[in-house]
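The values are calculated or read from the model by the stated rules, or taken from the named source; none is laboratory data. Note that the coordinates shown come from a computational prediction; the quantities given were computed from them, not determined experimentally. Cβ coordinates were reconstructed from backbone atoms using ideal geometry, including for glycine residues, and neighbour counts include every protein chain displayed. Each accessible area value is taken on the protein alone, full model and side chains, heavy atoms only, with ligands, DNA and RNA left out. Shrake-Rupley method; radii C 1.70, N 1.55, O 1.52, S 1.80 Å.
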Amino acid sequence: MRKLIVRSAEQLNGEVRIGGAKNAAVAIIPATVLARGCCVLENVPEICDTEQLFQMLSGMGAVVKKLCRTTVMIDTTELNTSVVPYDLAKSMRASYYFIGSLLGRFSSACVSMPGGCNFGVRPIDQHIKGFELLGAKIHIENGLIHADTDGMAGAHIYFDQVSVGATINVMLAAVKAKGLTILENVAKEPHIVDLANFLNSMGADVRGAGTDVIKIRGVDVMHGSDYAIIPDQIEAGTYMAAAAAVGGDVTVKNVIPKHLAPITVKLRESGAVITEGDDWVRVVRTGPLRKINLKTMPHPGFPTDMQPQMAAMLTRAEGTSIITEGVWDNRFRYTEQLVRMGAKITVDGKVAVIEGVKGLRGAPVNACDLRGGAAVIIAGLMAEGTTEIENTLYIERGYENVVEKFTAIGADIHYITLPDEEQPVQA
Ligand code: EPU
């Protein structure tokens, strides 16, 4: 087991290059099973979640070959089962995207109930509703989701709740359903558009992604494709927030500035000066950090996946900030870790009130989920002394080369490996 050791930083300065978007990659990789052929994916983030999906594909008979660090060839011609390896799938949320794509390929799928970060109850009723309206039968037994169909047909599906996962999963099935599918009240995140572009590059007919309504005309055959995944909006936002929190001058490269707009606006409000180029943003903060209020919402609102990093930053702002979580029921568990470091945060349901303090102190803390892990790194950089972070696996699931990237902008951060007897017992 490893711990991350983070020491106080006076400033962050330099350049950091952003990888491919995790939440696009984890949809696009399962989508490759729709093609009986070979796909070459570029800008694949080198994170545990993508590695795990490659292992699932290999276990199902696909050939997966890394052509370089971030380019991967996936040949699904010999895929021979619609059962996703249980042990690999159970700990990961995005493994359920194989339901949609395997229904499209084999008219059946068997996938573990999804794992993922714990933000309270994470229902999948909207996925099931979509599959059933397309003509699939779903039953859940012993922790497994079974999906079968005698043939899917296009349908008019109105989602009761805006859901990234349900939009993606139902798109993956609908591209092979006969006739026209209309999806209403869909998610509009950049990774939805990226998935639609990838599916169209494979021969699908998907229109309207990025708006509230997606129209899909089913096709019989899809082929392999070469495709570059978009840059990670949240990884970029995390380094931007770190620069604004600690202060200094950081250029974040390989980004799409438009995807960062909601984050940029809030960081400016808190005192950062941000300039943008075609594929970079520069964050400079030399003046004081100011309090802000923010509410997370589906895209184009402020992304929930940036909420913990912003909270970490605001622990040291002048005045009292209020954060309202508008997507998840319980996404403030990480605040307990910030409080251990001296932050003043009170949480009441979906609202956190953060009273800025003069200083934080390094402490032993936990990465209780992926973005909560990013939050304690940022807090560790702002705190006096040393912060020791346990449960780093959460961070590695979604941030590639986190030590190298923070080191490149002047942070003092490294891993230590614990001898066996010192490993904490997992609850
Ligand atoms: N919901 C339902 N029914 C459903 C599906 C969702 O009620 O069938 C509710 C959820 O309980 C939640 C809301 O709808 O309150 C939004 O959930 P959504 O389905 O959009 O989330 P997700 O697809 O499970 C993805 C990202 C999350 C990100 C959310 C919101 C992936 C693999 N995960 O989750 O990313 O927070 O969208 O943007 O794409 C992260 O990267 O740290 C992360 C957690």
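Listing for the model above:
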read-out	value
In Hz, Karplus ³J(HN,Hα) per residue of segment 240-247 (6.51, -1.76, 1.60; θ = phi - 60°; x = Gly, Pro)	5, 5, 4, 5, 5, 5, 7, x
Protein accessible area in segment 97-205, 1.4 Å probe - carbon and sulfur %	51 percent
Built amide H within the under 5 Å cut-off of W280, gap 5+	V255
Karplus-derived 3J(HN,Hα), 6.51/-1.76/1.60, for each residue of segment 196-213, Hz, glycine and proline x	4, 4, 5, 4, 5, 5, 8, x, 6, 10, 10, 10, x, 4, x, 10, 6, 10
Helix-only CD estimate at 222 nm, as mean residue ellipticity for the chain, using -39500 (n - 2.57) per DSSP H run (n ≥ 4)	-9000 deg cm²/dmol
Neighbourhood net charge (11 Å Cβ-Cβ; Lys/Arg +1, Asp/Glu -1) for N23	-4
Angle between the chain longest axis and helix 48-59 axis [Cα atoms, degrees, rounded to 10]	20 degrees
Selection from Y415, F119, F98 lying farthest towards where the dipole of the chain points positive, charges on Cβ	F119
Nonlocal amide H pairs with M113, under 5 Å, H built at 1.01 Å	L144, I145
Reachable lysines, given that their alpha-carbon falls under 21 Å from the alpha-carbon of K291 and they are not under 8 places away in the same chain	K266, K344, K350, K358
Placed amide H near G319: partners under 5 Å, 5+ positions off or other chain	G356
Length gained when the stretch R217-T275 is fully extended (0.36 nm per residue, less Cα-Cα span)	16.8 nm
Charge context of N401, other residues only, Cβ under 11 angstrom, K/R +1, D/E -1	-2
Rounded to whole Hz, the Karplus (6.51, -1.76, 1.60) HN-Hα couplings of segment 89-103, x for glycine and proline	7, 5, 8, 10, 4, 5, 4, 6, 5, 5, 4, x, 6, 6, 4
Selection from I182, S201, T264 lying farthest towards where the dipole of segment 174-270 points positive, charges on Cβ	I182
Accessible surface, per residue, of the chain when the full set of protein chains is kept, probe 1.4 Å, Å²	39 Å²
Inter-label distance, nm, simple model (7 Å from Cα along the C-beta direction), L67/T320	5.6 nm
Antiparallel content of DSSP bridges confined to the chain, in %, to 5	70 percent
Solvent exposure ordering (accessible area, 1.4 Å, most first) of E388, E404, E355	E404, E355, E388
Taking segment 219-360 and dividing mean pair separation by its residue count, relative contact order in percent (alpha carbons under 8 Å, at least six apart)	19 percent
